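What follows is one structure encoded as structure tokens, with my remarks underneath.
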Amino acid sequence: MSSHRFSRLAQLIGEEGLAHLTASHVAIVGLGAVGSYALEGLARSGVGRLRLVDFDEVRESNFNRQLLATEASLGLPKVEAATERVSSINPDCQVEPLKLFVHTESLPAVLAGPPDLVLDCIDSFRPKVELLSGALEAGVPVASSMGAALRSDPARVHTGSLSATRVCPLARRLRAELRKRGLPTDLPCVWSDE
């Protein structure tokens, strides 16, 4: 790794903190509006290994909200555009692109290893439930993003436990489904009460 690429970050978190990030393996599931920005932050933070999971391609309708959407990436699988972006930021990062849809049959590939952390950036209910259930059952740390469509007030965005969310219909449905499966609902998430 370039000794200067993350020098400012090392000043902030120390060499030991930077070494921890470099040794970390994070899976980002869903590379749309939330996942593309999570990817950017992790790539610029020196995370050493990223597993990128998405089945979709970059489309014109993504331009207003997805970081991966550029003229050059139109029509590319999102995992391919994301891999190129990470390589242009941190060529030492090991990237594992998985162009697949998350469901019970694909979970072993998504959770293989396992990663140190799974970021759930999926916007569809069923795949989100399967990912969260699979990660919780396997004991893999997971953080989840709730829906933000048609919400525009950043002051109404909160972080905390899924069990403590309010107003968000997606969070309510997820809690109910996880409880029905006998799984905990105290996982960290981001949601809006708008």
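With the dipole of the chain worked out from charges on the C-beta (+1 for Lys and Arg, -1 for Asp and Glu) around the Cα centre, which of Gly35, Pro169, Ala112 lies farthest toward the positive end? Projecting each Cα onto the dipole axis, the largest value belongs to Pro169. What shape does the range 24-131 take by its C-alpha gyration tensor, where a ≥ b ≥ c are the square roots of the eigenvalues and a/c under 1.5 counts as rounded, a/b above b/c as prolate, and the rest as oblate? Oblate. Equivalent ellipsoid of the chain: semi-axes from √(5λ) of the C-alpha gyration tensor, largest first, are 26, 20, 18 Å.
Calculated mean residue ellipticity at 222 nm for the chain: -11000 deg cm²/dmol, from DSSP H runs with n ≥ 4 weighted as -39500 (n - 2.57), summed, divided by the residue count and rounded to 500.
Counting only residues at least eight positions apart within a chain, or on another chain, the aspartates and glutamates with an alpha carbon under 12 Å from that of Lys78 are Asp54, Asp56, Glu57. Inter-part distance, the range 147-194 to the range 72-125, computed on C-alpha centroids, equals 23 Å.
Every number in this text was worked out from the coordinates using simple rules, so none of it is lab data. Everything numeric in this text was worked out from a predicted model, so none of it was measured. Methodologically, a virtual Cβ is constructed for each residue, glycine included, from the backbone with ideal geometry; neighbour enumeration extends over all protein chains shown.
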